[in-house]
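Notes for the one structure printed next.
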Amino acid sequence: MQKIIASLLFICCFTISLQAQQPEKLNASEIHQAIKKLNFLGSVLYVAAHPDDENTRLISYMSNHIKARTAYLSLTRGDGGQNLIGPELRELLGVIRTQELLAARRTDGGEQRFTRANDFGYSKHPDETLDIWNKEEVLSDVVLAIRQFKPDIIINRFNHRTPGTTHGHHTSSAMLSLEAFDMANDKNAYPDQVNQYGTWQPKRGFFNTSWWFYGSQEKFDEADKTNLLNFDVGVYYPALGLSNNEIASLASSKHLCQGFGRLTTRGSQTEWVELIKGDLPKDKSNLFDGINTTWTRVKGGDKIESILKTVQNNFNFENPSIHLNDLLKARTLIQNLEDNHWKTIKTKEIDRIIEACAGLYLEASANTPTSSTNQTIDIAIEALNRSNASIRLDSYSIINKGASMSSGIVLKPNEKEEIKESVTIPTYLNPTTPYWLNQKGSLGMYKVEDKSLIGKPETPRAITVDFNLTINGFSYKTTKDLIYRYSKPDKGELYRPFEIIPEASAKIAEKVIIFETDQQKDIPVIVKAGRDNLEGFVQIAHPNGWSVYPEKQKFLIANKGQEQTLIFTVIPPKNQNEGLMTPMVHVGDQIYTRELVEIDYNHIPFQTVSLPSESKVVRLDIKKRGKNIAYIEGAGDVVPESLRQIGYNVLVLKPEDITTERLSAFDAVVVGIRAYNIVEDLKFKQDILFDFVEKGGNMIVQYNTSRGIKVDNIAPYSLKLSRDRVTDEQAEVTLLNPKHELLNFPNTITSQDFEGWTQERGLYFPDEWAPEFTPILSMNDSGETPKTGSLLVAKHGKGHYIYTGLSFFREFPAGVSGAYRLFANMLSIGKEDLNRNNRLKN
């Protein structure tokens, strides 16, 4: 299937292969589409809250059918969600979802922008959202996006008039967009922005509505549609061989960590928008009706239009290079525009077209994917003219190296020129990492000290190469990022961004280390070299009351990329205690306290993230019964590793491994989050699992969503899931039956065990259940009725079945003591009688 998708994308105007890093290579049809877009001077800004909120059908339609410059402003990077493809959560998940959004925009033709808002998890009301986000700062970022992008039209994904009826982030995105619509034109609002970008007044604002927002198709059919506009977004593009909806499906399928991979769709489809700001277009099928979108909207644009319309109307698909002189003349006129906004945008667009028409290929590839500062790398520059145009490479300069290197190389048709250079990475360059993670932020906001970076989807590359050329007598300059090009026998040609890494980094192997007793543990510290011949020593910063031996250890690593593991002995205090430990790597007079995280998935570019190296150590007052646990994986979590931390033997079972004989070796079975939503084969294993419980085993099922359940019966008794959730991680928890075994054996659970929880209490609680179930806890968000379905237990034969929507998958990685103690009780339930019987037998 991936190969089929890649083939489709190769023939369309969004050249993307399975390797997301490959350079763009436009064919003649794609060039012609780009010229059409070059001749349209209008912009659309689509606004919502998260990755996957965007309507890719509408973005693709605006970009590819209307030819408007189209961008998606996602207020967050989706840090608060789940990950279906790997273990990354929170900040690292936000990095993945950022890149998935960029991959989606490369597919549907849009651009991508963000604010500094941090997705802290589900919110039930915009009041809560805007309080945690810091409304003033996020609003300033939305205003900034409008002033920078200068959209004629803004389209909100969500309804600003219905607070409390959907995710608070969703409604907040619409409310902030509406407020920023006029504020962007107020010179007194955020004057620092005005000094740099000026003010801007969008012409129209819309809400991207549908029957869903009205409750039913019938209600929508009866609604007053005076201010509603509609158009068919299912158009077919013969030049691309794809319909708009196919492109949109391919774009939304980039959100793989959210499980959005789906079939493509075709055929007519109506999209609706409601006017909420500005004047109503006379032509209700054209959002830009009455807005000048031709070159005449800018002074001096009429001459540019005359040239470029001729090129568009007489485009030579067999030999696009014959248009170079006209395109270069138009480029010169664009460079002379007084309107800096359109000058910048259209220069970038026409440069892309000029290089494609000339068959000009320029690449700068390093001999290594990474390097630390003060190290020397080799760079191979490839320059190729695949046309009959007269092209000369006059000079080139590698940013941060210094003066330009004269070249004067004539690029003869289809004769590749190769240049070799050596560059030492300057010491003042920072390691490559997402800029919004450089500083510690708050629960709701990322901290960005460099204001010029606010809104950008990713950190600009530190190493680039400027090329100065003469094409048919016209001076031309272009810039390329330094990359790393390589190959693998089983994958072929591959690309990675070139990245700067620290000369040394270190991490403690586990992010949370649980000490269930006061016995010492040996803790591995992994040191990684960012250069050859790395030598130094490591110390560990630790909380008071803890001891670490030895005090420091030396290391010597011969080759870049290699790791050396050092073993430190950690002795915990006698009583319950917790804190953070950080490895400190001393190299010369430098101390490094960050770790290097690598994110490598085929559908997004390789990512290197530098984060503070911290591990939480917890001296935990915990008791447990049982020893062997079978774990059935769902959407991905670290629960198995966490249970091993407190002394359980955990074996991860695949559905095909679930047999009566295999389960007989275990005390309990734990089912991972959303397993019944995504593991199809579990529907064939339920009888075996329930039989395991009936014979005396314990079965714990973690949360599933209420839609898309793959099994007929999720429990041995009737159980109905709902969308009930408690998002306030500090919400009061009431113990419904304080004497219940689940709250007393082997650990006594009190209200203190619910202190320090992170992001939420839980989600998708059942709201109806059979009388065999006993609810254990009650909790609710402010202003809501108590929710008693977060933890349900039922005796089934000799064992126990437990369903829980509590967010253990978030609490374990945060080292929340009470979560471990409660889960140990869930695994131990019923084992007290077993232990008593064993003692009697002995």
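The set of residues in region 158-206 being in contact with a helix residue (DSSP H, G or I) (Cβ under 7 Å, 6 or more places away or on another chain), touching a residue at least 60 places away in the same chain (Cβ under 8 Å) and closer than 25 Å to LYS67 by Cα consists of PHE158, SER177, PRO202, GLY205. Within this structure, PRO502 fails the test of being modelled with pLDDT under 95, surrounded by 19 or more Cβ atoms within 10 Å (Cβ to Cβ) and part of a loop (DSSP other than H, G, I, E, B).
Checked against (1) assigned to a strand (DSSP E or B); (2) under 33 Å from the mean Cα position of the chain (by Cα); (3) not aliphatic (A, V, I, L, M), GLN539 passes all but condition (2).
For region 337-372, a residue qualifies if it is within 18 Å of ASP481 (Cα to Cα), assigned to a loop (DSSP other than H, G, I, E, B) and touching a Lys or Arg at 6+ places or on another chain (Cβ under 9 Å), and the qualifying residues are THR368, PRO369, SER372.
Condition check ((1) assigned by TED's automatic domain parsing to the domain that holds GLY708; (2) under 26 Å from PHE213 (Cβ atoms); (3) in contact with a Pro (Cβ under 7 Å, 6 or more places away or on another chain)) across all residues:
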residue	(1), (2), (3)
LEU240	no, no, no
SER243	no, yes, no
ILE247	no, yes, no
SER252	no, yes, no
HIS255	no, yes, yes
ARG262	no, yes, no
GLY267	no, yes, no
LEU275	no, yes, no
SER285	no, yes, no
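Selection within region 211-238: residues that are surrounded by 17 or more Cβ atoms within 10 Å (Cβ to Cβ) and among the aliphatic types (A, V, I, L, M). The member of this set that is farthest from ARG161 (Cα to Cα) is VAL233.
Yes/no matrix, rows are residues, columns are (1) closer than 27 Å to GLN375 by Cβ; (2) of a type outside the set (Val, Ile, Thr); (3) not assigned by TED's automatic domain parsing to the domain that holds ARG644:
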residue	(1), (2), (3)
PHE515	no, yes, yes
ALA541	no, yes, yes
GLU563	yes, yes, yes
THR569	no, no, yes
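Do you know which residues across region 212-252 are in contact with a helix residue (DSSP H, G or I) (Cβ under 8 Å, 6 or more places away or on another chain) and among the polar types (S, T, N, Q)? Passing the criteria: GLN217, ASN244, ASN245, SER249, SER252. Scanning region 211-244 for residues that are over 21 Å from LYS277 (Cα atoms) and in a loop (DSSP other than H, G, I, E, B) yields a count of 9. Looking at region 654-676 only, could you name the residues that are crowded, with 21+ Cβ neighbours inside 10 Å and under 22 Å from ILE85 (Cβ atoms)? Matches in region 654-676: VAL670, VAL671, GLY672, ILE673, ARG674, ALA675, TYR676. SER177 meets the conditions (1) surrounded by 19 or more Cβ atoms within 10 Å (Cβ to Cβ); (2) among the hydroxyl-bearing types (Ser, Thr, Tyr); (3) out of contact with any strand residue (DSSP E or B) (no Cβ under 6 Å at 6 or more places or on another chain) in every case but one. The failed one is (3).
Can ASP152 be described as modelled with pLDDT of 95 or more, touching a Ser or Thr at 6+ places or on another chain (Cβ under 7 Å), of a type outside the set (A, V, I, L, M) and more than 20 Å from ASN55 (Cβ to Cβ)? Give the derivation first.
Numbers: modelled with pLDDT of 95 or more: yes; touching a Ser or Thr at 6+ places or on another chain (Cβ under 7 Å): yes; of a type outside the set (A, V, I, L, M): yes; more than 20 Å from ASN55 (Cβ to Cβ): no.
Judged against the criteria, ASP152 is not a match.
Just one of the listed residues (ILE307, ILE322) is over 30 Å from VAL47 (Cα atoms), free of Cβ contacts under 8 Å to residues at least 24 places away in the same chain and of a type outside the set (Ser, Thr, Tyr), and it is ILE322.
Those residues that are among the basic types (Lys, Arg), part of a helix (DSSP H, G or I) and farther than 19 Å from SER442 by Cβ, I need them from region 65-115; list them, please. Full working, then the answer.
So the first thing to find is which residues in region 65-115 are among the basic types (Lys, Arg), and the list is 67, 69, 77, 90, 97, 105-106, 113.
This time we only want the ones that are part of a helix (DSSP H, G or I), so: 90, 97, 105-106.
The answer is ARG97, ARG105, ARG106.
Checking the structure you have, find out if any residue of region 561-574 is of a type in the set (Lys, Arg) and within 26 Å of GLU91 (Cβ to Cβ). Checking region 561-574: not a single residue is of a type in the set (Lys, Arg) and within 26 Å of GLU91 (Cβ to Cβ). Residue count for region 404-419, restricted to those that are in a strand (DSSP E or B) and surrounded by 13 or more Cβ atoms within 10 Å (Cβ to Cβ): 7. Looking across region 678-716 at every residue that is touching a residue at least 60 places away in the same chain (Cβ under 8 Å) and among the aromatic types (Phe, Trp, Tyr), the one that is surrounded by the fewest Cβ atoms within 10 Å (Cβ to Cβ) is identified as PHE690.
Against the list (1) over 22 Å from ARG69 (Cβ atoms); (2) assigned to a loop (DSSP other than H, G, I, E, B); (3) not acidic (Asp, Glu), the condition LYS329 fails is (2).
Taking the conditions (1) exposed (fewer than 15 other Cβ atoms within 10 Å of the Cβ); (2) in a strand (DSSP E or B); (3) in contact (Cβ under 8 Å) with a residue 24 or more places away in the chain in turn, ASN602 satisfies each one other than (2). Summed over region 447-475, the residues that are in contact with a helix residue (DSSP H, G or I) (Cβ under 7 Å, 6 or more places away or on another chain), more than 30 Å from ASN134 (Cα to Cα) and surrounded by 20 or more Cβ atoms within 10 Å (Cβ to Cβ) give a count of 1. Would you confirm, using the coordinates I've provided, whether THR748 is without any contact (Cβ under 8 Å) to a residue 40 or more places away in the chain and over 25 Å from THR705 (Cβ atoms)? Yes: the conditions hold for THR748. Just name the residue that is modelled with the lowest pLDDT out of those in region 82-97 that are surrounded by fewer than 24 Cβ atoms within 10 Å (Cβ to Cβ) and in contact with an Asp or Glu (Cβ under 7 Å, 6 or more places away or on another chain). Ranking the qualifying residues of region 82-97, first place goes to ARG90. The number of residues in region 118-165 that are within 27 Å of TRP211 (Cβ to Cβ), assigned to a helix (DSSP H, G or I) and among the hydrophobic types (A, V, I, L, M, F, W, C) comes to 0. Taken over region 196-210, the criterion of being surrounded by fewer than 22 Cβ atoms within 10 Å (Cβ to Cβ) and either small (Gly, Ala, Ser) or part of a strand (DSSP E or B) (or both) is satisfied by GLY198, SER210. Restricting region 538-581 to residues that are touching a Leu at 6+ places or on another chain (Cβ under 7 Å) and more than 20 Å from GLN519 (Cα to Cα), the residue that is surrounded by the fewest Cβ atoms within 10 Å (Cβ to Cβ) is GLN553. The residues on offer are VAL693, VAL726, VAL669, and the sole one that is in the same structural domain as HIS796 (by TED's automatic domain parsing) and in contact with a helix residue (DSSP H, G or I) (Cβ under 8 Å, 6 or more places away or on another chain) is VAL669.
Given the condition touching a strand residue (DSSP E or B) at 6+ places or on another chain (Cβ under 9 Å) and at pLDDT below 95, answer yes or no: does some residue in region 781-788 qualify? The answer is yes, given that some residue of region 781-788 is touching a strand residue (DSSP E or B) at 6+ places or on another chain (Cβ under 9 Å) and at pLDDT below 95. Screening ASP490 against (1) within 27 Å of the chain's Cα centre (by Cα); (2) of a type in the set (Asp, Glu); (3) not assigned by TED's automatic domain parsing to the domain that holds PRO550 leaves a single unmet condition, (1).
The values are calculated or read from the model by the stated rules, or taken from the named source; none is laboratory data. Note that this is a predicted model, so its numbers are computed, not measured. Here Cβ is always computed from backbone atoms with ideal geometry, including for glycine, and neighbour counts include all displayed protein chains.
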